[in-house]
Amino acid sequence: MNGKPWLLCGRFAARLVLLVVVLGLLRPAPVLARVLDDFNDNSKTGWTDFTFVPGFGIPTESNGQFRFEQPTSPTGGGIFSASQKTSEPLELKDGRTVEMRADVVQGNAKDSFAVLAFIPTAGAGGPGSLAGYGLAKSTTDVLITKGINKYFVADDGVTAELKQENITLVLRLTARGGSVTIHAQILDKTANDALLWERTVIDTPAADVFADGTDSPAAPFITSGYFTLYLYQDLDEAAVEDPYRVVYDNAEVFITDQSVLDDFNDNTKTGWTDFTFVPGFGIPSESNGEFRFEQPESPTGGGIFSASQKTSRPFDLVDGEQLTFEVDVVQGNAKDSFAVLAFIPTAGAGGPGSLAGYGLAKSTTDVLITKGINKYFIADDAVTAELKQEDITLVLRLTARGGSVTIVAQILDKADNHAVLWQRTVIDTPAADVLADGTDSPAPAFITSGYFTLYLYQDLDQGAVEDPYRVVYDNAVVWAQPAAGNLPPEISDIRPGDTDNFLPASAPLEFRVTDDKALNDDLIAVTVNGTRFTRAAGLTVTGSGTARTVSLGGFTANTDYAATLEVIDSDGVMSTKALTFDTFSASNVVIEAEDYNLEAGQFINDPAPQPEGSGPDSTGYANQSGVAGVDFFDTRDVPRFQDAPWRPADPVRMARSLDRGRAKHTTAGGATAGVYDYVVGDIATGEWLNYTRTIPAGTYEIYLRQSVANLAAGESALERVTGDRTQPNQATQALGSFLGTRTGFIFRNVPLTDGSGTQKAVVRFNGIGTLRLRHVTPDAEDGSRYLNYLVLVPVADPGV
């Protein structure tokens, strides 16, 4: 096995990170980029031109483009012409973002400036004054402007010497608290909108310090304005351009409004669904107008996290959509308490326990932009990441375009008018991108529905334990397009929980449904192992109006279940939830993955849970040792106590489990008594473990309880040892394969099947037998499998 730290492996343990939501009471329609003009009709409609000299530099629309050309200035100095989309004024008001975009198809040399601007409709002087907000670019200079010779940014260094064709100018204006935040970008269209240049500045109500000029008048432009395009000719008589030129295409605008998802002021945790590996561990509380995560030291001895999702309000991130998520960090702790704001898909990627989605993670020493477990677009642990961890705002902006997602992450200083402390932009393309850490697998972008998710990640450092690990949040905010719509029905209070195990068959499946309109009992259904149940066929539905309680009983013992809950509201909008659980009996033969044979084929038939560090003795496998090539095969021959606390004399890697707790461990005293559940991990192809037990005569289905973190799939083969289990080179007989799929850190039951994975294998036993679990799929550098136990479930003899 590979020698890497593997319990929550990678930088975040060593540093694991991860790694949203309708507006108000209405779910918005997709936030589509509105095309003001793609110029494809070759008719200049709704544009009003400006020029100082009649006929000079007036743009034309032809060949699907918007073309400015100017001869040498007749004034002997700089001059410009402009055109405004006056048919569609854009209102910038407090709590609104207006983002404008225009492609520059072609420019000319250093004195042909392309300018994209927001020019007030009235009162500031119009396009001839340049009073407004602008992004200006030539081949040698980039400026963010507020008017003539008034520059927030005047970049004429090497960073400004950029291409002037096949680029996109982006000017994003956000009005908040009487100030306007101006975020300007230049993107490379030929490289999937790769970022070429980026700056963020703030125009406050006071007189701000400019790179050039004075901020007079000081007040920001929080008003209505026009989308405006310019060609500015910065005449250099020693290098006249003939003509001065800028050719534009694709004038677009995003308009999004701010809405508070939860300000936590009612001190009631409503619409949030919590996630934890250890029941009760790190569950956030809402009090004193804040959302507080606190964790004691990890019970697993390694990194661990808890999370909460605003599951009542999903967002659909679709192509052409832009969503911005924000949350304040009121208080953190030291370097190993990570605050994480994330967009986690509602289905298919593994949920909050998988960390698959987009996240911004921050402690006092690290900032990361994440796509999943050990998958980091940005992993900043330099001086630039050593930032304050209180009174800040985390911002995660996602824009889906052409199958890619552009991720803009910011950390803002609330104490300094939301000044930018840290900012990065990355793009997740449909192809496999080069990440700062880890591999981009699966490569496609998350253009899907997702939840606004908050985490506290504890990057446990045994030498500097924080007591407690803490993050306190406030003001969960979303920016999205204002639109009327229908809130989907909410499914909550689901019992049993997803992946619950060893449940009594008598326990019913129960859940609650609520909606903003009256519900119809006949539009509620549950599908269990392929059978659909409705009120007319098995479901018990109680309640009236906008709320229902639903239950389903009649489960069978020793069965693995997959269920889908489904509700359709009166407008035809569907919500679904999927979960798995089992009713396996604790009296079944359960073989712990870490309890492989000892001392050359010896075994303990019914081992007892024991405290970590105890033994060896005849009651259990604590501190027992096996013989390499007889009891196990591992690609390493060097034991590491820190990677094998249960059996430290062997090189087989194991760790405390993050799976659901089981009664066998808790009744033996649990963590208080040093009794833990363990998993085997850090797997390489060809490694194997032998398990000998006395198994009652009969036929069985066999399940492997495992998680598959950061791997698309993980296969282990099960074999019967037919040779002498006490000697090397044992003969074996193939029984089937366990074909696990990606689950993140969530453990699920994987049945033993034939090679196709479609037919469960049935295995006969009659007394003492030895099983070999042989690993086919290796762990990836940034991914792992964690194997918890095998369970043998009695079934009817098929007679074949």
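The mean accessible area for residues of the chain, using a 1.4 Å probe and ignoring ligands and nucleic acids, is 36 Å² per residue.
Remark: for residue pairs Lys335/Lys362; Lys269/Lys310; Lys150/Lys189; Lys44/Lys150, the C-alpha separation exceeds 19 Å in Lys150/Lys189; Lys44/Lys150. Using Cβ point charges alone (K and R +1, D and E -1), the dipole size of segment 455-556 about the Cα centre works out to roughly 620 debye.
What percentage of the solvent-accessible surface of segment 441-498, computed with a 1.4 Å probe over protein heavy atoms, is contributed by carbon and sulfur atoms? Solvent-exposed carbon and sulfur of segment 441-498 make up 48 percent of the total.
Of the residues Asn597, Ser287, Pro639, the one whose Cα sits farthest toward the positive end of the charge dipole of the chain, with +1 on the Cβ of Lys and Arg and -1 on the Cβ of Asp and Glu, is Asn597.
Rounded to the nearest 0.05, what FRET efficiency do Ser492 and Ala109 have when you use their Cβ-Cβ distance and R0 = 56 Å? Between Ser492 and Ala109 the formula returns 0.35. Dividing the summed helix terms, -39500 (n - 2.57) for each DSSP H run of n ≥ 4, by the number of residues in the chain produces a 222 nm estimate of 0 deg cm²/dmol to the nearest 500. Computed from the Cβ-Cβ distance with R0 of 51 Å, the FRET efficiency linking Val209 to Val776 stands at 0.20.
Positive-end ranking of Thr256, Gln70, Ala419 along the dipole of the chain, with charges on Cβ about the Cα centre, is headed by Thr256. Charges were assigned to the Cβ only: +1 to each Lys and Arg, -1 to each Asp and Glu. The resulting dipole of segment 715-775 about its Cα centre is roughly 140 debye. Put a dot 7 Å past the Cα of Asn267, heading toward its Cβ, do the same for Lys163, and the two dots end up 5.8 nm apart.
Rounded to the nearest 20, the size of the Cβ-charge dipole of the chain about its Cα centre is 1760 debye, with Lys and Arg at +1 and Asp and Glu at -1. Given their separation in residues at 0.36 nm each and the Cα-Cα distance between them, Asn288 and Gln423 gain 45.6 nm when the chain is fully extended.
Model label points for Asn605 and Asp467, set 7 angstrom from Cα along the Cα-to-Cβ axis, are 4.7 nm apart. With both labels modelled 7 Å from their Cα along Cα-to-Cβ, the Val240 to Ala194 distance reads 3.8 nm.
In this calculation the C-beta distance from Phe641 to Arg512 is compared with R0 = 45 Å, giving a FRET efficiency of 0.40. Counted residue by residue at 0.36 nm each, then reduced by the alpha carbon distance between them, the extension gain from Asp521 to Asp38 reaches 169.1 nm.
If you find the alpha carbon centre of segment 644-683 and of segment 260-327, how far apart are they in angstrom? That distance is 28 Å. Scanning residues 5 or more positions from Val750 or on other chains, those with amide H under 5 Å from its amide H are Leu704, Arg705, Gln706, with H placed 1.01 Å from N in the peptide plane. One Cα centroid belongs to segment 719-797, the other to segment 133-177; the line between them spans 61 Å. Dipole orientation for segment 523-593: of the candidates Leu539, Asn529, Ala578, Leu539 has the Cα lying most toward the positive pole (charges on Cβ; Lys, Arg +1; Asp, Glu -1).
The values are calculated or read from the model by the stated rules, or taken from the named source; none is laboratory data. This structure is a prediction, so every number in the text was calculated from the model and none was measured. Heads up, the Cβs are rebuilt from the backbone with ideal geometry, glycines too, and the neighbour counts pull from every protein chain shown. Side chains included, ligands, DNA and RNA excluded: accessible areas come from the protein's heavy atoms. Shrake-Rupley method; radii C 1.70, N 1.55, O 1.52, S 1.80 Å.
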